[in-house]
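Colleague: One structure is given below, represented as structure tokens, and several questions about it will come after.
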Amino acid sequence: MKKKTITLKRANFTTKNDICTLATTDMADIGTFFSQPDAKQRLDDYFNVTGYSRTDPKLIYGQLFGLNCFKTFMDKIDAYNTGLAAADQITGVRIYEAMCVRPSLPPPDDTRLLADVLIIPVLANGQDVPTIHDAIDPMLVLSDGMPCPNECKTGFYLK
């Protein structure tokens, strides 16, 4: 098989088909597990394309979440899905980049907007669940991870 030539530059999807159709077809199976070297390559490509420095103390390019929060998040999704037809179930999550103030952090970070992500359940039809949150659980958006790296000095296995 001939290897594809890849251009390293920032781009948006230019898929000729409707990307939304692709994203809502078998959504439950979107994603891939891959090896540490592949993960490292993806981060290397990110830094090469963006020009950001991996060691810039002001750059936050990751968020840490505890497994207990993820388990609770998944338990809420499982509870929501119980008894529903597959077409009405939550079958994916969407991750949005965001900013937030975290009063629980020590000063001066307790009053600054900091990088964050919102992890939002997505229905099989591609609709974000919070648009119908009153019918479910108003606390079904996972957020407030810990910005890491570069804020913390651990977990750099992909260096």
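Colleague: With just the Cα atoms of the range 68-122, tell me how far they stretch along each of the three principal axes, in Å, largest first.
Modeller: Cα extents, longest axis first: 48, 20, 11 Å.
Colleague: Under a 5 Å amide H to amide H cut-off, with H placed in plane at 1.01 Å, what residues pair with residue 117 once short-range neighbours are removed?
Modeller: Hits under the 5 Å cutoff: 98, 144, 145.
Colleague: Need the full-extension length gain, residue 139 to residue 50, defined as separation in residues times 0.36 nm minus the C-alpha distance. One decimal, nm.
Modeller: Value of the extension gain: 28.6 nm.
Colleague: Return the distance in nm (one decimal) between the two label points of a simple spin-label model at residue 87 and residue 99, each offset 7 Å from Cα along Cα→Cβ.
Modeller: Taking the simple label geometry, residue 87 and residue 99 are separated by 4.2 nm.
Colleague: Suppose R0 equals 35 Å; then what is the FRET efficiency for residue 109 and residue 28 from their Cβ-Cβ distance, rounded to the nearest 0.05?
Modeller: About 0.40, to the nearest 0.05.
Colleague: Could you line up 142, 114 from fewest to most neighbouring Cβ atoms inside 10 Å? All intermediate terms of the calculation are to be shown ahead of the outcome.
Modeller: Values: 142 20, 114 17.
With the sparsest Cβ surroundings first, the list reads 114, 142.
Colleague: Over the Cα atoms of the range 19-147, how large are the radius of gyration and the largest Cα-Cα distance (Dmax), in Å?
Modeller: According to the Cα coordinates of the range 19-147, Rg and Dmax are 17.2, 48 Å.
All of the numbers you see were taken from the coordinates with simple rules; none came from a lab. Note that the structure is a prediction, hence the values are computed from the model and not measured. Every residue, glycine among them, receives a Cβ derived from its backbone with ideal geometry; neighbour counts consider all protein chains shown.
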